[in-house]
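S.K.: Can you read through this structure? Questions will come right after.
The values are calculated or read from the model by the stated rules, or taken from the named source; none is laboratory data. Note that the structure is a prediction, hence the values are computed from the model and not measured. Cβ placement follows ideal geometry from the backbone for every residue including glycine, while neighbour counts extend to all protein chains displayed. What goes into the accessible areas is simple: the full protein's heavy atoms, side chains included, and nothing from ligands, DNA or RNA. Shrake-Rupley method; radii C 1.70, N 1.55, O 1.52, S 1.80 Å.
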Amino acid sequence: MSILNTRRIQLLSPRLSNQIAAGEVVERPASVIKELLENAVDAGATNIEIDIERGGVKLIRVRDNGCGITKDDLALALSRHATSKIVELDDLEAVKTLGFRGEALASISSVARLVLSSNTEEKGQGWQVRAAGRDMEAEVTPTAHLQGTTVEVQDLFFNTPARRKFLRTEKTEFNRIEDVVKRLALTHFDINFTVKHNGRVVHAYRTAATQAEKERRVAQVCGPAFMENALAIEMEASGLRLWGWVALPTFSRSQADLQYFYVNGRAIRDKVVTHAVRQAYADVLYHGRHPAYVLNLELDAATVDVNVHPTKHEVRFRDSRLVHDFLYRSLHRALADVRPGNAAPPTSNASSNESGLASERMLQPSNSGLASTSAAEADTLRNQTALNLSQSPSPTVTQVRENMGVYQALHPSSHSRDEHSVQVASSADNSAFIPPLGYAIAQLKGIYVLAENEQGLVLVDMHAAHERITYERMKQSLAEQGIATQPLLVPQSIAVSQKEADCADEHAETFKQLGFELERAGPESLLVRQIPIMLDRSNVEQLVRDVLADLVEHGTSQRIAEHMNEILGTMACHGSVRANRKLTIPEMNALLRDMEETERSGQCNHGRPTWTALSINELDKLFMRGQ
Ligand code: ADP
Ligand code: MG
């Protein structure tokens, strides 16, 4: 009946069992590179040279100056389940090396011709071993080799034609190899990486010790535009450390292709991490776009399990809630601090060619629009300019106070203006001080505010900027005054799974803080008794369900807060100065000062930039001055 009946059980030959293991870890040339580079990193190398021929199918050679392998261990290194990195289970629970499974060299040598050469001493000769034959016994011979190790892998998949068929073009395979090297180069700054393809050096990443050197390397790997639009991050709390770079929301991508995340030096993909990062960008990212980042998380090795997957791309955090909160808070804070004065203008030429969003805002001499302004408007503009020039560069204290007054009259809801004006006034006392966004000169087409600062021209999208300011204020007052709630006349019942219902019980306090009162009505049903007033027109059932799904999955949820923010956003949009509304110069100046004070004011609520700048140099270039 079954073919099993006709066959006897046999032990697999070492080569065949290695080939089966290779099925998991050796998928293509890039996976070989990954394993070899990780071994070199684990060996403490400071210099790694990579030689590739024909996309890695013909040859992959990795040479390092690490600790090397002793003559006696060489043959062992090629056998399966042989590793120097862990000895017992306890070691596995706090493993600090990238490798520990002792499978890579055995697997690779079962599907390619592998030569391993090494020397553990600075002087003297080295030893070499090749894997050969069905039983894969190895023969050790002398060879000339400096301290360190060289692994040469030729003719990958020569004996497994099925695998070979899955390989793509030489160029594609090489691109994947490059990706692997880049991923390591973005976190191991203390190692020199050189990559040659078909005899030509294509990448050389020099060791980087200082922040500036590191940023140069990041720019080399991720492109200069990323670095120009990135914020450096460094935070530490509760035994967790986060460092690296995140791109401003305006430098978002259409693909999630510029996202590097490392846990203790290991590149990983993780749902908790992705979720936390997305949350942090939630308020500032244009819909459907992906953030870009290079981030390192360092934490006690014992609190993260890396033995989850053979390729070790996944990890499991012992306390994923803590990790999620730490990431979310750190990044959220860093992004909130982006405002004029402590960051580059959110749009630069470099970012615009990628995002396509920013380019709309680029000022071109051909469409500056001034030429088509009507005579009357031009007059007003000129008058306003004249008025402003007489104030420039430093308005007096009374003028600033007046400005604030006008703006307050326009927006009676403005909070704590007094403190604000005192601050501005005292800065204005200092005659050398020009605020980051400068002083308003004019309003263009009822849409843009033109201002002059120390560097040159500043352009502000009036509506977008005001919308963000109103929105941030509404959020703040919500945070300060708490959430107004209302009981439901007819409590709404929601059918959920038992797990979700338990979860609702467990997080009753969380729901309460957000203005919800949930009651368990049965094993698989909940009653909603009270909701926030703001949400009375929302689909409460859907919201509660989604929140529970989040809580079950991540132990935390931002959905209610997000949904409220969305509503606030809509309200803010309606409450903000519309295009085509004439603003006076003092009103415009007040708007600029507000932007400087407001968190996240570099982007409007939809993630579009609110302002941009053109320095005198850039203007000179437009007019070919001094060329
Ligand atoms: P693992 O890395 O999981 O230990 P590998 O099969 O990749 O397993 O390597 C087996 C062993 O060979 C390692 O534990 C290490 O002792 C040794 N080894 C491999 N590559 C190197 C290298 N480049 N430098 C020093 N030792 C190496
Ligand atoms: Mg290894």
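S.K.: Between ASN39, ASN18, PRO29, whose Cα lies farthest towards the positive end of the dipole of segment 8-64 when Lys and Arg beta carbons carry +1 and Asp and Glu beta carbons carry -1, centred on the Cα centre?
M.R.: Going by the charge dipole, the pick is ASN18.
S.K.: Please find the FRET efficiency linking ASP505 to ASN307, where r is the Cβ-Cβ separation and R0 is fixed at 41 Å, and quote it to the nearest 0.05.
M.R.: For R0 = 41 Å, the calculated efficiency reads 0.75.
S.K.: Now for a separate question. Carbon and sulfur together cover what percent of the accessible area of segment 279-326 at a 1.4 Å probe radius? Can you show the working numbers first?
M.R.: Details: 840 of 1880 Å².
Roughly 45 percent of what the probe reaches on segment 279-326 is carbon or sulfur.
S.K.: If you don't mind, there's one more thing I want to ask. Can you tell me which aspartates and glutamates have their Cα less than 12 Å from the Cα of LYS214? Leave out same-chain residues fewer than eight positions away.
M.R.: Counting by Cα, and skipping residues close in sequence, LYS214 has these aspartates and glutamates nearby: ASP190.
S.K.: Rank these by accessible area, largest first, 1.4 Å probe: ARG130, ARG269. Can you show the working numbers first?
M.R.: Numbers: ARG130 135, ARG269 160 Å².
Greatest to least solvent exposure: ARG269, ARG130.
S.K.: Related question: Compactness ratio of segment 132-212: Cα Rg over 2.2 N^0.38 Å, N = residue count?
M.R.: So the Cα radius of gyration is 1.46 times the expected 2.2 N^0.38 Å.
S.K.: Not counting ligands, DNA or RNA, and with a 1.4 Å probe, what is TRP243's accessible surface area in Å² rounded to the nearest 10?
M.R.: 40 Å²
S.K.: What's the FRET efficiency of GLU122 with ALA549 using the Cβ-Cβ distance as r and R₀ = 60 Å, to the nearest 0.05? Write out the running numbers ahead of the final one.
M.R.: On the way: r = 59 Å, r/R0 = 0.98.
For GLU122 and ALA549, the calculated efficiency is 0.55.
S.K.: Compare the Cα positions of LEU248, LEU184, ASN198 along the charge dipole of segment 90-248 (+1 at Cβ of Lys, Arg; -1 at Cβ of Asp, Glu; about the Cα centre) and return the one farthest towards the positive end.
M.R.: Checking the options against the dipole of segment 90-248, the answer is ASN198.
S.K.: Roughly how many debye, to the nearest 20, is the charge dipole of segment 497-627 about its Cα centre, given +1 on each Lys and Arg Cβ, -1 on each Asp and Glu Cβ, and no other charges? Spell out each step's value before the answer.
M.R.: Numbers: 15 positive and 22 negative charges, 193 e Å.
So the dipole magnitude of segment 497-627 works out to roughly 920 debye.
S.K.: A further question on this structure: Mind checking which of ALA75, GLN154, LEU89 is farthest towards the positive end of segment 65-173's charge dipole, using Cβ charges of +1 (Lys, Arg) and -1 (Asp, Glu) about the Cα centre?
M.R.: Farthest towards the positive pole: GLN154.
S.K.: Another one. Which pairs in the list LYS182/LYS271; LYS85/LYS182; LYS34/LYS312; LYS58/LYS171; LYS34/LYS271; LYS271/LYS499 are over 18 Å apart, alpha-carbon to alpha-carbon?
M.R.: Distance filter (> 18 Å) returns LYS182/LYS271; LYS85/LYS182; LYS34/LYS271; LYS271/LYS499.
S.K.: How far apart, in nm, are the 7 Å Cα→Cβ label points at GLU234 and ASN47?
M.R.: 2.9 nm
S.K.: Now a separate question. Loop only by DSSP, 16 or fewer other Cβ within 10 Å of the Cβ. Give me the GluC sites (Glu not before Pro) in segment 431-503 that pass, ordered by residue number.
M.R.: GLU454
S.K.: Here is a follow-up. Determine by what factor the alpha-carbon radius of gyration of segment 1-154 differs from 2.2 N^0.38 Å, reporting the quotient.
M.R.: 1.11
S.K.: Oh, and also: Grab the Cα-Cα distance for GLU566 and GLU519, subtract it from 0.36 nm times how many residues apart they are, and report the gain in nm with one decimal.
M.R.: Numbers: separation 47, 0.36 × 47 = 16.92 nm, distance 2.63 nm.
Net length gain for the segment: 14.3 nm.
S.K.: If I model a spin label as a point 7 Å beyond the Cα along the Cα-Cβ vector, how far apart are those points for VAL201 and LEU622 in nm?
M.R.: Modelled inter-label distance: 4.2 nm.
S.K.: Continuing with this model, one more query. If the reach is capped at under 19 angstrom between alpha carbons, list the aspartates and glutamates near LYS123, excluding any in the same chain fewer than eight residues apart.
M.R.: List returned: ASP64, ASP72, ASP73.
S.K.: Let me ask another. Using a Cα-Cα cut-off of under 28 Å, which lysines could be cross-linked to LYS621, ignoring same-chain neighbours fewer than 8 residues away?
M.R.: Cα-Cα hits under 28 Å: LYS445.
S.K.: Rounded to two decimals, what ratio of Rg to Rh does segment 90-249 give with C-alpha atoms and a Kirkwood Rh? Could the numbers behind the result be given before it?
M.R.: Numbers: Rg = 20.0 Å, Rh = 19.4 Å.
So for segment 90-249, dividing Rg by the Kirkwood Rh gives 1.03.
S.K.: Would you mind calculating the gained length between ARG278 and SER538 on full extension (0.36 nm times residue separation, minus the Cα-Cα distance), in nm to one decimal?
M.R.: Gain on extension, ARG278 to SER538, equals 91.3 nm.
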